[in-house]
1. So how do B:221, B:43 line up by other beta-carbon neighbours within 10 Å, fewest first?
2. With each pseudo-label sitting 7 Å past Cα toward Cβ, what's the residue B:65-residue A:212 distance in nm, one decimal?
3. Sorted by average packing, counted as other Cβ atoms within 10 angstrom per residue and highest first, what order do A:303-310, A:216-223 take?
4. Take residue B:189, project a point 7 Å from its Cα along the Cβ direction, then tell me which residues of the stretch B:108-125 have their backbone nitrogen under 16 Å from it.
5. Roughly how compact is the stretch A:103-251, stated as its Cα Rg over 2.2 N^0.38 Å to two decimals?
6. What list do you get for A:179, A:14, A:124 if you sort them by fewest beta carbons within 10 Å?
7. Once you put a point 7 Å from the Cα of residue A:168 and another 7 Å from the Cα of residue B:227, both along the Cβ direction, what distance in nm separates them?
8. Restricting to the protein assembly as shown, what percent of DSSP beta bridges are antiparallel, rounded to 5?
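Throughout, read-outs are computed from the coordinates displayed, never taken from laboratory work. Everything numeric here is computed off the predicted structure, so don't read it as measured data. Every residue, glycine as well, gets a Cβ built from its backbone with ideal geometry; the counts of neighbours run over all protein chains shown.
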């Protein structure tokens with residue numbers, strides 16, 4: 001038989017964890033005022049005391065931003081993984097149930113009201129996505145009566161929700177004066193530049209979500225085989241599906257309220273790891289978490305470093321790199 | 001006589017359509033029980049009700065002297081395994097992955113298998129003769145191989161009852177017999193109860209201890225194969241001409257549906 005799954009999980013987690021740490025240090029040291037890799041490592045380890053300007057840049061600006069990128073990337077990749085399994089649809093991504101639409105409307109309203117980015121926009125966008133989540137789950141629950149949450153009604157409910165929200169968003173933008181439009185567009189494309197140190201504690205809220213999703217990794221494997229087969233092998237399908245749906249949506253809502261709508265990470269990272277590691281979620285959950293984190297840190301680094309002045313929204317980079325990367329992997333897996 | 005499974009007066013309807021009406025049956029421990037009947041008679045629904053996947057509106061299902069509604073899904077799955085009619089092969093799980101999934105109802109909260117679980121899975125694969133396919137993906141298998149993998153998964157669950165929904169429908173005669181002989185051998189060695197839905201009346205005749213004939217959601221007759229596989233009952237239930245005679249194997253009934261072009265020999 002194969003290597004026991006426990007060993008594989010430890011090995012992959014260790015490898016991807018090492019990659020994540022290395023990438024983080026590179027991302028913290030790179031930038032317009034570059035600090036050498038080893039020097040950064042020494043400073044972070046507390047071996048050298050940096051001058052105050054370097055300390056400010058590293059601790060107040062770059063480190064929080066790298067942490068945010070890691071949490072956002074990991075959560076979005078994990079969210080995509082869960083929704084692809086739950087809906088058994090390869091096109092599913094973390095925003096598919098309409099979370100993106102709801103939070104975008106919330107965020108745009110907050111910006112139009114002239115609220116500060118934090119906590120104003122964050123709270124509005126979180127509220128927006130919760131309202132959508134409540135609506136979509138109720139819809140899915142009631143249309144199916146006492147039977148299980150149907151994946152088709154969930155999917156359609158989410159798509160309709162997103163379409164409706166897109167119309168509202170377009171309406172709001174069309175009514176907006178021009179200087180605000182760029183703010184809104186940056187938010188819609190996903191932007192980590194607005195990160196402040198004070199926001200970091202909020203990120204801790206997603207940690208329990210990670211744990212619960214990892215515990216439910218095996219039931220997710222069985223759900224891939226169909227809901228009746230999963231039930232026949234001892235899974236309480238209705239409660240597991242509902243729990244995964246709510247936990248994952250909450251996680252994504254928290255993340256989106258801090259980072260805006262960063263696309264593509266949640267779609268492509270799960271597919272990449274599925275191609276590399278196979279369909280077992282006990283392996284995919286930690287891999288997507290760490291891999292998604294590393295990927296978004298790299299993309300954010302490029303978004304900061306590539307333009308000669310200013311920054312690109314990171315959402316542009318994620319798709320620009322992710323799409324070709326995925327196609328290459330797809331072609332290689334066929335041969 | 002101990003009944004491992006007891007169903008009394010089950011009724012099930014979907015919207016206004018009556019699917020099962022007042023169905024009752026008992027199955028003894030270690031029995032090979034076959035459910036037959038025309039398409040749409042409610043065979044698969046009956047299987048779903050007695051496995052707890054579908055709740056009936058009326059009547060009770062009792063498994064090992066306990067109402068099925070009082071079981072947790074996990075505990076029920078330790079007693080009962082299901083070999084479904086349709087098998088999802090879209091995701092690239094290997095044969096080994098698939099078979100060991102049968103251990104699910106026996107695993108702890110993190111769902112990690114131990115050495116014992118791998119041993120049980122290996123034995124199951126050996127029993128159904130799929131050990132050589134361990135690392136193949138499900139979609140690379142032939143119909144007969146796939147069915148044996150799914151049966152290995154069911155065996156891996158170490159159940160007292162195995163439910164099979166038309167396990168031989170898509171197979172050639174040799175593979176049909178291989179599947180049926182496997183189930184019969186497993187039953188003999190472990191005393192497992194087997195409940196099978198089938199369209200193949202001759203398999204029902206050769207392997208069944210008892211046969212239940214279902215028509216439009218009602219039980220026409222339950223009994224030993226010879227009494228149920230009766231010309232009048234079958235013709236009335238299936239709505240075609242059917243000849244029943246003694247099989248050359250001896251002791252069992254042989255059922256032959258008669259095509260139009262041969263009808264003149266029988267009128």
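1. On the way: B:221 15, B:43 23.
Going from least to most buried by this count: B:221, B:43.
2. Rounded to a tenth, the inter-label distance reads 4.0 nm.
3. Values: A:303-310: 12.2, A:216-223: 23.0.
Ranking the peptides A:303-310, A:216-223 by packing returns A:216-223, A:303-310.
4. Backbone N within reach: B:119-125.
5. Values: Rg = 18.4 Å, N = 149, 2.2 N^0.38 = 14.7 Å.
In units of the 2.2 N^0.38 Å rule of thumb, it is 1.25.
6. On the way: A:179 7, A:14 11, A:124 20.
Ascending Cβ contact count within 10 Å gives the list A:179, A:14, A:124.
7. Those two pseudo-labels are separated by 6.7 nm.
8. 60
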